[in-house]
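The values are calculated or read from the model by the stated rules, or taken from the named source; none is laboratory data. What you are looking at is a predicted structure, and each value in this text was computed from that prediction instead of being measured. Ideal geometry is used to build each Cβ from the backbone, glycine not excepted, and the neighbour counts take in all protein chains shown. Each accessible area value is taken on the protein alone, full model and side chains, heavy atoms only, with ligands, DNA and RNA left out. Shrake-Rupley method; radii C 1.70, N 1.55, O 1.52, S 1.80 Å.
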Amino acid sequence: MNRILLFALCALSLTACADDKKVITSTDLPQAARTLMTQYVNADDVLLITQEGRGPWTEYEIRLTDQSDWEFDAQGALTKVEILAGIPDELIPEPILHQVRTSYPKAIITEYSIDTRDQEVKLNNGIELTFNLQGKLLRTEVD
């Protein structure tokens, strides 16, 4: 009986946290996300802005007409950016940028993501690099 009650409570809490994505405008983004977007994105290129989740689990996603994708957390911190033409160097932490430029001088960073455990970059040559939060290389994978 206790297992059933525990399972029901877990299912209810997960359902309560799971919201459908909803379309929002740029004014609904956290200030930090709005600031970053105005630095790097032309407002005319924004195709869609969505919000998913609530409170500290809120995530924002911005899709651009060139198929670029920007993702932010509830505070507006960048969690992922994917730009096929290449991510601006200023968005990549210096230790990671240095490692990529040294090891793969002709490669372009097309994706960068950061979470609570690590950071990852994907290069246009199919190589994926994983770094710890301090920028130390942990793993290299080839697609």
In Å², rounded to a whole number, the accessible area per residue of the chain with probe 1.4 Å is 65
Mean-square fluctuation maximum in Gaussian network of the chain, Cα pairs under 10 Å, restricted to T58, T38, T79, hits T38
Taking a ≥ b ≥ c as the square roots of the eigenvalues of the Cα gyration tensor, with a/c under 1.5 meaning rounded and otherwise prolate when a/b exceeds b/c and oblate if not, region 52-136 is oblate
Taking every other residue with Cβ under 12 Å from the Cβ of L97 and scoring Lys and Arg +1, Asp and Glu -1, one gets -2
Rounded to the nearest 10 Å², the accessible area of R139 using a 1.4 Å probe with every protein chain kept is 100
Rounded to a whole %, the carbon-and-sulfur portion of the accessible area of region 13-143 at a 1.4 Å probe is 51
Rounded to one decimal in Å, the inverse mean reciprocal Cα-Cα distance for the chain, i.e. its Kirkwood radius, is 16.9
Proximal lysine pairs in the chain, meaning Cα under 24 Å and 8 or more positions apart or interchain, come to 8
P(r) over all Cα-Cα pairs of region 88-143, 10 Å bins from 0 to the longest distance, whole percent per bin, short to long, reads 25, 64, 11
Between the alpha carbon centres of region 65-131 and region 38-57 the gap in Å comes to 18
Here the FRET efficiency for S103 versus D45, based on Cβ atoms and R0 = 35 Å and rounded to 0.05, is 0.65
